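Colleague: Here you go, one structure.
The values are calculated or read from the model by the stated rules, or taken from the named source; none is laboratory data. Since the structure is predicted, the reported quantities are computational estimates derived from the model, not experimental observations. Cβ atoms come from the backbone with ideal geometry, glycine included; neighbour counts cover every protein chain shown. Just the protein is used for accessible areas: all its heavy atoms, side chains included, with ligands, DNA and RNA removed. Shrake-Rupley method; radii C 1.70, N 1.55, O 1.52, S 1.80 Å.
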Amino acid sequence: MSGNVRETIANALEAAVRSLGVDGEIPDLELGRAKVADHGDYATSAGLKLARTLRQAPPAIAARLAEAIVVPEDAARAEAAGGYVNFRLTDSWLQRLVGQVAAAGARYGAADLGHGERLQVEFGSINPTGPLHIGHGRGVTLGDSICRVLEFTGHDVQREYYVNSDNTQTRRFGASVYARLHGQEPPEGGYVGEYVKDIADMARQDLPGIESLPEDQAEPKLRRYAMEKIIDQIRASVARLGVEYDEWFWESTVWESDLGPTAIERLREAGYLRERDGALWFGPALQEKEEAGEKVVEEEDRVVIRANGQPTYFASDLGYLISRFERREFNRVVEVWAADHHGYVPRMKSAASALGFDPEKLVVILHQMVNLKEGKMSKRAGRYVALDELIDRVGADAVRFFYLLRSPDTTIEFDLELAVTQGNENPVYYAQYAHARLSNVEVTARERYATLPGEADTSLLVQPHELDVARQLAFWPDVVEDAARMLEPHRIPYYVHDLATAVHRFYHAGNAESQYRVVVDDPALTRARLELCRAARHTLKTALDLIGVSAPERM
RNA sequence: GCCCCGCUAGCUCAGUGGAUAGAGCAUCUGUCUUCUAAACAGAGGGUCUGAGGUUCGAAUCCUCAGCGGGGCACCA
């Protein structure tokens, strides 16, 4: 069985189109899920799309296609309706699918789209100067779910956190710790949180003699120490959401190794650098590059080395690109950034290009901001909600579902009280409850029957509410593929909801009429329904796992 | 001023150029002696921000306008 019915139908459709005498390129026939139940499961507007090519009326073309098409394994039957061809999955194919899904278990829906492609996803990389807040939670859950989906589809994925260690913010952070160590208020623009005092106290213990050092010697040590403490915190916070990074890459290693100098030297030789006002600038103007009509190159110059000799974060990123594409040989790098960094995208793309890398291999996923109802988050103004607090209040599963339910393009206006309320009625429980019910019914079956037939005869699954569960299972590989290709994990929670709905209806049918229960007097029928339960339970669990949500067996 | 994102039911949001625009929450009406009611069945609720355009066909693509969010550093 091919894992993906949609693809099977698409191929059959293409063959049918060829059989009608279309030689050249076939337009996109837009085979997709039918929106109305009367139209079956999949539908294409092929008749309308081919009307011009074939110089025939759309209904006539659709009729000929429906006649000509042969779907392998009789998976679906075609029917013309106006200019459309509708496909309905056959009962017998759905019945067989149930057995196959139950056997495939957690692997059902997995695909080898990546062929082992080595890629890195870098996400959640905030300045290590304070705890994560609810805005960061979005990037962390999004990035991690992208990783999970990519892993499930045959990619070799590395999760990376880029530790911005050498910038103005972290220096202010170090200075703030230094001030607290000496019982002073943090300097202007410094960090005022209580945690800074805590870190200063710990440093007093862990770094003997630090108090007697002058600031220019103490600050770098304190900064490094404080950042490591913060990173421990961040590591613990994301772990609560089921996220574990493979590597924490320190910006400082760019300058402790030859990465930074190599990048700058390469750009200098290629003519991308020039000096002005005592600083070193990156600019494209020396040889204008237009690639495939798309403007890859930015117009404005950007500072690489400041007049005071310090490299900018942009300079670090140049070395970082070499680390990833060249030294560590990632074929693709996915960056998950908040939308306030969107202006940085063209610069990074042109930098990648200038360094000799394919800018297409640098994929930037932008997600919109998480703002508080009261306004933009600001520690200083007291408008700030820590990610840990949110997890404390609503639980990790609800947090993950809450974020991943939304497309990255929508701005989240956050209201903690509302989030807590919604946490209690979060749609995640609807899906988890479906899983728990399925788990429980299997327990019931074991209690009732010492033995059941080893093989399930799934042709006994003939009730509409049973076949509708199987129908949802059939769609799962489509969802996985779409989520992986478009790097859009938010498709998964919506699928989870649909599958859970089919499961609840199926289960509830047994509450309404006992003959429709899973565990009934007929062992063969019980066995067949158990097979369906297993198939659905595995798929629910797999889908929940891709968004990092647990699948409890009891609730 | 320029750039990016959004505007869809009372609220929060889905919706690869296709047929009659969907879900959750909220509101209202039914269903537990039951394999788990954290469930199920049903009802009401829409000028898809507005105006043009492209197309056989537009919530979806293009242009303009409005409103909201975010950018435009020798900050990251």
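Every residue, every condition in (1) more than 22 Å from the chain's Cα centre (by Cα); (2) open to solvent by 70 Å² or more (accessible area, probe 1.4 Å); (3) not basic (Lys, Arg), yes or no:
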position	(1), (2), (3)
A:Pro427	no, no, yes
A:Ala434	yes, no, yes
A:Val443	yes, no, yes
A:Thr451	yes, yes, yes
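Colleague: For A:Val420, all conditions in the list (1) touching a helix residue (DSSP H, G or I) at 6+ places or on another chain (Cβ under 9 Å); (2) open to solvent by less than 20 Å² (accessible area, probe 1.4 Å); (3) among the aliphatic types (A, V, I, L, M) hold save one; what is the number of the exception?
Modeller: Unmet condition: (2).
Colleague: Scan region A:166-195 for residues that are over 33 Å from the mean Cα position of the chain (by Cα), among the hydrophobic types (A, V, I, L, M, F, W, C) and open to solvent by less than 60 Å² (accessible area, probe 1.4 Å) and jot them down.
Modeller: A:Ala175, A:Val177, A:Ala179, A:Leu181
Colleague: State whether the residues of region A:120-137 include one that is more than 16 Å from RNA strand B (Cβ to nearest atom) and either crowded, with 21+ Cβ neighbours inside 10 Å or closer than 30 Å to A:Gln56 by Cβ (or both).
Modeller: For region A:120-137, residues more than 16 Å from RNA strand B (Cβ to nearest atom) and either crowded, with 21+ Cβ neighbours inside 10 Å or closer than 30 Å to A:Gln56 by Cβ (or both): present.
Colleague: Answer yes or no: is there a residue in region A:487-496 that is outside any helix (DSSP H, G or I), within 13 Å of RNA strand B (Cβ to nearest atom) and in contact with a Lys or Arg (Cβ under 8 Å, 6 or more places away or on another chain).
Modeller: Yes, because at least one residue in region A:487-496 is outside any helix (DSSP H, G or I), within 13 Å of RNA strand B (Cβ to nearest atom) and in contact with a Lys or Arg (Cβ under 8 Å, 6 or more places away or on another chain).
Colleague: More than 11 Å from RNA strand B (Cβ to nearest atom) and closer than 23 Å to A:Arg471 by Cα: does that describe A:Arg77?
Modeller: Answer is yes for this residue.
Colleague: Now a separate question. Which of the residues spanning region A:414-452 are in contact with a Lys or Arg (Cβ under 8 Å, 6 or more places away or on another chain), assigned to a loop (DSSP other than H, G, I, E, B) and of a type in the set (Gly, Ala, Ser)?
Modeller: Residues satisfying the conditions do not exist here.
Colleague: Can you tell which of A:Asp468, A:Asp409 is exposed (fewer than 14 other Cβ atoms within 10 Å of the Cβ), within 11 Å of RNA strand B (Cβ to nearest atom) and closer than 23 Å to A:Val496 by Cα?
Modeller: Criteria check complete, one pass: A:Asp409.
Colleague: Let me ask something else. Just to check your reading of the model, which residue among A:Leu97, A:Leu50 is out of contact with any Gly (no Cβ under 8 Å at 6 or more places or on another chain), away from RNA strand B (no atom under 11 Å from the Cβ) and either among the acidic types (Asp, Glu) or open to solvent by less than 20 Å² (accessible area, probe 1.4 Å) (or both)?
Modeller: Exactly one of A:Leu97, A:Leu50 is out of contact with any Gly (no Cβ under 8 Å at 6 or more places or on another chain), away from RNA strand B (no atom under 11 Å from the Cβ) and either among the acidic types (Asp, Glu) or open to solvent by less than 20 Å² (accessible area, probe 1.4 Å) (or both), namely A:Leu97.
Colleague: Do the conditions hold for A:Arg527, that is, is it open to solvent by 40 Å² or more (accessible area, probe 1.4 Å) and within 14 Å of RNA strand B (Cβ to nearest atom)?
Modeller: Working: open to solvent by 40 Å² or more (accessible area, probe 1.4 Å): no; within 14 Å of RNA strand B (Cβ to nearest atom): yes.
Considered against the rule, which asks whether it is open to solvent by 40 Å² or more (accessible area, probe 1.4 Å) and within 14 Å of RNA strand B (Cβ to nearest atom), A:Arg527 comes out as no.
Colleague: What are the residue pairs meeting all of these: first residue in region A:351-374, first residue of a type in the set (Asp, Glu), second residue within 12 Å of RNA strand B (Cβ to nearest atom), Cβ atoms under 8 Å, and 6 or more apart or on different chains?
Modeller: Qualifying pairs under 8 Å: A:Glu374/A:Arg383.
Colleague: Now for a different question. Filter region A:1-47 for residues that are of a type in the set (Ser, Thr, Tyr) and open to solvent by 50 Å² or more (accessible area, probe 1.4 Å) and give the result.
Modeller: A:Ser2, A:Ser19
Colleague: Do you know which of the residues in region A:338-354 that are near RNA strand B (Cβ under 6 Å from one of its atoms) and in contact with a strand residue (DSSP E or B) (Cβ under 7 Å, 6 or more places away or on another chain) is most open to solvent (accessible area, probe 1.4 Å)?
Modeller: Quick first cut of region A:338-354, residues near RNA strand B (Cβ under 6 Å from one of its atoms) only: A:339-344.
Checking the rest, the ones that are also in contact with a strand residue (DSSP E or B) (Cβ under 7 Å, 6 or more places away or on another chain) come to A:339, A:342.
On the way: A:Ala339: 16, A:His342: 112 Å².
In this case the residue turns out to be A:His342.
Colleague: Search region A:266-276 for residues being of a type outside the set (Ser, Thr, Tyr) and within 36 Å of the chain's Cα centre (by Cα), and hand back the single one that is surrounded by the most Cβ atoms within 10 Å (Cβ to Cβ).
Modeller: Of everything passing the filter in region A:266-276, A:Leu267 is surrounded by the most Cβ atoms within 10 Å (Cβ to Cβ).
Colleague: Of the numbered conditions (1) open to solvent by 30 Å² or more (accessible area, probe 1.4 Å); (2) at pLDDT 95 or above; (3) of a type in the set (D, E, K, R); (4) within 16 Å of RNA strand B (Cβ to nearest atom), A:Glu335 satisfies every one except a single condition; which is it?
Modeller: That leaves (1) as the condition not met.
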